[in-house]
1. In the chain, carbon and sulfur make up what percent of the accessible area (probe 1.4 Å)?
2. Quick check on region 48-90: take the gyration tensor over C-alpha atoms, sort the square-rooted eigenvalues as a ≥ b ≥ c, and tell me if it's rounded (a/c under 1.5), prolate or oblate.
3. What Kirkwood hydrodynamic radius do you get for region 1-80 when you take the inverse of the mean 1/r over all pairs of distinct Cα atoms, in Å?
4. Mind checking region 23-91 for trypsin sites (Lys or Arg not before Pro) that DSSP puts in a loop (not H, G, I, E or B) and that have at most 10 other Cβ atoms within 10 Å?
5. Kirkwood hydrodynamic radius for the chain: how many Å is it when counted over pairs of different Cα atoms?
6. Would you please classify the overall shape of region 1-43 from the alpha carbon gyration tensor, given that a ≥ b ≥ c denote the square roots of the eigenvalues, rounded means a/c under 1.5, and beyond that prolate means a/b larger than b/c while oblate covers the rest?
7. Give me the 1.4 Å probe accessible area per residue for the chain, excluding ligands and nucleic acids, in Å².
8. D13: net charge of surrounding residues, Cβ under 9 Å, Lys/Arg +1, Asp/Glu -1, itself excluded?
Amino acid sequence: MTADFSDDLSGFDQGDIRFYSPSESQSIGAWFSSHNRISGDEIEGTYQYKIDLPQYSEQGTWKLSHMWLRDKVGNSKYLSGNEMAALGFPTEFEVESIGDTTPPTVASFDFDPKAVDTSTSSQEITVTADFSDDLSGFDQGDIRFYSPSE
């Protein structure tokens, strides 16, 4: 991703863009700041960010959701994908390979012990789970316990 940003006085500080897959269940983004300026300065500069699209990313047309920009004093601007298209900027790209759109499944889940006494010290509960995924593989998950209100 290459973009030219300019700001009249304080200078460009940072910005981001986000693309969504056809089902909107996958997304990628780019973050622009002085760290990836390849020419110019904060008043008028060219920025470049390389995005790695993961193997098995969803097939089809990925569309730009938004671009957000901020200058050094905090003035910000949000542009939707439609606004960017109306300005003549490219807003979509195509993924032509086989894509993974199926979420992981839970084969097993358990934790032990099922009861603990925390009145004198903290206690440890071991959680064990077996997850599977058809193409891209399991990446991460989150399991939370809560105390229901009475």
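1. Answer for the chain: carbon and sulfur cover 47 percent of the accessible area.
2. Since a/c reaches 1.5 but b/c is at least a/b, the shape of region 48-90 is classed as oblate.
3. The answer is 13.5 Å.
4. Of the trypsin sites (Lys or Arg not before Pro), the ones in loops of region 23-91 whose Cβ has at most 10 other Cβ atoms within 10 Å are K50.
5. Averaging 1/r across every pair of different Cα atoms and inverting gives 19.4 Å.
6. It is prolate, given that a/c is not under 1.5 and a/b is the larger ratio.
7. It amounts to 72 Å² per residue over the chain.
8. Neighbourhood net charge equals -1.
The values are calculated or read from the model by the stated rules, or taken from the named source; none is laboratory data. Not measured: the values here are computed from a predicted model. Backbone-built Cβ (ideal geometry, glycine too); neighbour counts: all protein chains shown. Note: accessible area is taken over every heavy atom of the protein model, side chains too, but ligands, DNA and RNA are not part of it. Shrake-Rupley method; radii C 1.70, N 1.55, O 1.52, S 1.80 Å.
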